[in-house]
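Step one of this worksheet: look at the structure below.
The values are calculated or read from the model by the stated rules, or taken from the named source; none is laboratory data. Remember, predicted model here, so these are calculated numbers, not experimental data. Ideal geometry is used to build each Cβ from the backbone, glycine not excepted, and the neighbour counts take in all protein chains shown.
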Amino acid sequence: MLSLFDAFRDTSNLATILKLLLSVLCGTVIGLERSSKNRPAGFRTHILVCLGSCTAAMTGLFLYLDLKLPSDISRIASQVVAGLGFIGAGTIIVTKKLSIKGLTTAAGLWTTGIIGIAIGSGFFEAGIVGTVLVLLAETLFARLSMKITHVPQFTLELLYNEKDFLDQVLRFLKDHRMDIVNLQIHTMEAHDTARYSAKVELRSTMPEKDLLFHVQHMRGIVSATTL
């Protein structure tokens, strides 16, 4: 540990002010990056999360060191960690295309809270280095992740006359090494004739238009669309 922080690891007034200001600074730095990308949780949310976590950690220390109460100094901080999960969950949304957004913001909020706890506990080094690493993860590493090739995922919606007609579609998908994520089959009654519909969630490198071209020309397939 750095010796220059040793004088501020206690619960003195000066140390308390320094911890609160440092938690606000770290929350601001992380939150500004999220705000610049128009994420649900901006810099004010990150400031409050980091500041609140810092205060919770300091309260645990104060109860034990100053008031000499028989309390577990880590209990308050542990409850904060659990509560941060509920805050982060509010930033996660599922789009119409069944893709998930907001995970990075949720994880950033959770990590910001942990940074606040570290600062409030007097572990300044972890809080400062943690802030820098969070920024790297949300900026530099974000650019690296964009260069990673992802297999597109979409839903193939089918309408067909007989149950056996679905087998040929599934066989085609398997032969072309497409991963089937989920499969839902429904039966419908149309003009006294049983018809079936299916939704196939899959991952495929084959362009959607090429897949539709092959499936639409299969025997017994009434219609095929992608969502």
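Residues that are modelled with pLDDT under 90, touching a strand residue (DSSP E or B) at 6+ places or on another chain (Cβ under 9 Å), part of a helix (DSSP H, G or I) and under 23 Å from residue 152 (Cα atoms): does region 187-208 have at least one? Yes: one or more hits. Looking at 147, 101, just one residue is in contact with a Ser or Thr (Cβ under 8 Å, 6 or more places away or on another chain), farther than 28 Å from residue 5 by Cα and among the charged types (D, E, K, R), and that residue is 101.
When residue 132 is tested against (1) in contact with a strand residue (DSSP E or B) (Cβ under 9 Å, 6 or more places away or on another chain); (2) β-branched (Val, Ile, Thr); (3) not in a strand (DSSP E or B), exactly one condition is not met: (1). Close contacts from region 89-108, counting a first residue that is of a type in the set (Lys, Arg) and a second that is at pLDDT below 75, with Cβ to Cβ under 7 Å and a gap of 6+ residues or different chains, come to 101/95.
Table: residues versus (1) assigned to a loop (DSSP other than H, G, I, E, B); (2) modelled with pLDDT under 85.
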position	(1), (2)
72	yes, yes
76	no, no
82	no, no
88	no, yes
96	yes, yes
107	no, no
111	no, no
118	no, no
122	yes, no
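Looking only at region 46-77, filter to residues that are under 30 Å from the mean Cα position of the chain (by Cα) and small (Gly, Ala, Ser); which one of those is surrounded by the most Cβ atoms within 10 Å (Cβ to Cβ)?
Within region 46-77, the first condition is being under 30 Å from the mean Cα position of the chain (by Cα), and the residues that meet it are 46-60, 73-77.
Still in the list and also small (Gly, Ala, Ser): 52-53, 56-57, 60, 74, 77.
Working: 52: 20, 53: 28, 56: 22, 57: 26, 60: 23, 74: 15, 77: 24.
Taking the candidates together, the pick is 53.
Filter region 213-227 down to residues that are assigned to a helix (DSSP H, G or I), touching a residue at least 24 places away in the same chain (Cβ under 8 Å) and over 13 Å from residue 160 (Cβ atoms), then give me how many there are. If you could, list the steps in order and put the result at the bottom.
Of the residues in region 213-227, the ones assigned to a helix (DSSP H, G or I) are 213-216.
Filter again for touching a residue at least 24 places away in the same chain (Cβ under 8 Å), leaving 214-215.
Filter once more, keeping what is over 13 Å from residue 160 (Cβ atoms): 214.
Looking only at that region, the number is 1.
Sort out which residues of region 1-24 are of a type in the set (Asp, Glu) and either free of Cβ contacts under 8 Å to residues at least 12 places away in the same chain or outside the structural domain of residue 88 (by TED's automatic domain parsing) (or both), and write them in order of number. If you could, list the steps in order and put the result at the bottom.
Initial filter on region 1-24 (of a type in the set (Asp, Glu)): 6, 10.
Listed by number, the list holds a single entry, 6.
Would it be correct to say that residue 155 is at pLDDT 85 or above and within 30 Å of residue 13 (Cα to Cα)? Here the answer is no, as residue 155 does not meet what is asked. Just one of the numbered conditions (1) exposed (fewer than 15 other Cβ atoms within 10 Å of the Cβ); (2) at pLDDT 90 or above is not true of residue 173: (1).
Take the conditions within 30 Å of residue 36 (Cα to Cα) and within 31 Å of the chain's Cα centre (by Cα) and apply them to residue 128. Does it pass? Explain how you work it out, then say what you get.
Numbers: within 30 Å of residue 36 (Cα to Cα): yes; within 31 Å of the chain's Cα centre (by Cα): yes.
So residue 128 fits the description; yes.
Taking the listed residues 138, 157, the one that is in contact with a helix residue (DSSP H, G or I) (Cβ under 8 Å, 6 or more places away or on another chain), closer than 30 Å to residue 102 by Cα and surrounded by 14 or more Cβ atoms within 10 Å (Cβ to Cβ) is 138, with no other qualifying. If only residues of region 25-41 that are in a loop (DSSP other than H, G, I, E, B) and in contact (Cβ under 8 Å) with a residue 60 or more places away in the chain are counted, the one that is surrounded by the fewest Cβ atoms within 10 Å (Cβ to Cβ) is 40.
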